[in-house]
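This report concerns only the one structure given below.
Where a number appears in this text, it was derived from the coordinates with a stated rule and is not lab data. All values derive from a computational prediction rather than experimental measurement. Heads up, the Cβs are rebuilt from the backbone with ideal geometry, glycines too, and the neighbour counts pull from every protein chain shown.
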Ligand code: HMG
Ligand code: MG
């Protein structure tokens, strides 16, 4: 049985843009964010408070948070105490941490082992929960790691359980390099939903091998009702070679519309948002619904 409603968490302004070499002007990012909100998006990753030396594209995080409309739930990513402090100072009300199941990936991404990251963010999460801030935990390399290969399902579940114990509100579980297949997706999400029934579970698929829509359908069958997607299929992690774009918001909403599953999001308006960002990114946008939108 498929769900009747699905929540889309738009990650385009963050995951979608972080890997772009040429700096996108803050004004253009804000216009993109606003157009996405007008398309009906109520949960979005706006930006990340990370080292501007590591990810120059996110250096305007403070301005993005301060100048975007407060619609729905807006996440900012933070890797450490400095990021959390800057995020809260800018007015963020929902914070996302990111940790890799794979140590090698976590080291490349955050310069710490997974255990070191967990130790460092534990008091930060406890402190945020004491202030009633919504905390999301993004679990990278939940299926495959670009450095270590296949990841064991049990290792993912163990890491997720640690976050649940810390009191986070949501787990966003990621196929970082777009290598999972529908059976792996179904099995992991079914296990997570069964073992962790009292937390929001979100699936985050990259579309490197064009498997993401199939994985989303399999995850829906497992009972997942929340998906991270990126308008225009933009995206990729600079520290995960092979991580191309996230699955496209417009294609996922179209799939869900066709199945009679409600999202509250207007595909045409998502495509209008894509027209705003397309001139500022390095590659042409060729998602199924966007191509149809441009030449119906
Ligand atoms: P480090 O070099 O070990 O950190 O990097 P450090 O503590 O030694 O600091 C180095 C410099 O950065 C210092 O500045 C700090 O002040 C500054 P300096 O004294 O040299 O001038 N700094 C900061 N500045 C602003 N905000 C901060 C911050 N922290 C330190 N928060 C660090 C460690 C974690 C900082 C670095 O590795 C980093 O920023 N990594 C971020 C990587 C990243 O953004 N990756 C992409 C997001 S994750 C992702 O895309 C995956 C996901 O989509 C799910 C999936 O698909 O798998 C979520
Ligand atoms: Mg990602």
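From its DSSP helices (H runs of at least four residues, each -39,500 (n - 2.57)), the chain gives a residue-normalised ellipticity at 222 nm of -12500 deg cm²/dmol. Across segment 6-84, the volume of the C-alpha convex hull divided among the residues equals 91 Å³ per residue. For segment 49-125, taking the reciprocal of the average inverse distance between every pair of different Cα atoms yields a Kirkwood hydrodynamic radius of 13.1 Å. Could you work out the percent of alpha carbon pairs in the chain separated by over 26 Å, rounded to a whole number? In whole percent, the share of Cα-Cα pairs in the chain beyond 26 Å is 37.
Quick one: 211, 118, fewest Cβ neighbours within 10 Å first, how do they rank? If you can, show how the numbers build up before the last one.
Numbers: 211 21, 118 18.
Ranked by crowding around the Cβ, least crowded first: 118, 211.
Size descriptors for segment 84-157: radius of gyration and Dmax over Cα atoms are 13.6, 39 Å. Note on segment 21-158: Cα convex hull, mean projected area over all directions, 9.0 nm².
Calculated from the alpha-carbon coordinates, segment 172-296 shows an Rg and a Dmax of 14.6, 46 Å respectively.
Provide the packing ranking of 187-198, 222-233, i.e. peptides ordered by the mean count of other C-beta atoms within 10 Å per residue, highest first. Spell out each step's value before the answer.
Details: 187-198: 15.5, 222-233: 25.4.
Result, highest mean first: 222-233, 187-198.
Within 10 Å, count the other beta carbons around each residue, average over each peptide in 151-161, 8-18, 131-141, and list them highest first.
8-18, 131-141, 151-161
Counted over segment 225-277 with a bin width of 5 Å, the fraction of Cα pairs per bin, in whole percents, is 5, 20, 26, 22, 14, 9, 4, 0. Cα convex hull, segment 104-240: 109 Å³ per residue, rounded to a whole number.
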